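Written below as C-alpha cells is the structure these notes are about.
Each value in this text was obtained by applying a stated rule to the coordinates, not by laboratory testing. Predicted model only: the values in this text are computed from it and were never measured. Backbone-built Cβ (ideal geometry, glycine too); neighbour counts: all protein chains shown.
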Amino acid sequence: MENLLPLVEAVTRVTGLRPHLSSVIRWGSRGSKGVHLQTKVVGGRRYTTTDWVLEFVENVNQVKNGDPTPMATPKQQDSAAKKSAKKLAERLSR
C-alpha cells in the first residue's frame, strides 16, 4: 500500500518548497502543462505519495523542455483498458 501523505506535506518532502494548498489541489484536478498529480481521497481529504509527486514533477519538466508527452495518467490508462476490454468482448460475442 502507498504511503499516503497530505498534499502539501508530500510536495514539501520532494521539492523542499511549500506550495499553497490550492496549487496542489489544482495539479490534481486540472493539472499543469497537461500533466495531473495522482491523488486519493480518504475520509473526505485528498492525499498523494512522494512517488506520485516525483513522477508529476518529472513529467511537467519533460513537457516544459519540449520532450515527448509523458505517459498517460493512471486514470487515462484505466479508461483505455476498459474501452479495449469492451471492444474485445463485443468481438468475441459475435
Subject >> Around residue 93: net Lys/Arg minus Asp/Glu count, Cβ-Cβ under 15 Å >> reply: +3
Subject >> For region 5-92: rounded, prolate or oblate by the Cα gyration tensor [a/c cutoff 1.5] >> reply: oblate
Original post:
Could you name the lysines in cross-link range of residue 40, using Cα to Cα under 28 Å and dropping any fewer than eight places away on the same chain?
Top reply: 64, 75, 82, 83, 86
Original post:
How much net charge surrounds residue 67 when only the other residues with a Cβ under 12 Å from the Cβ of residue 67 are counted, with Lys and Arg +1 and Asp and Glu -1?
Top reply: +1
Original post:
Which net charge results for the neighbourhood of residue 14, defined as the other residues with beta-carbon distances under 11 angstrom from its beta-carbon, given Lys and Arg at +1 and Asp and Glu at -1?
Top reply: -3
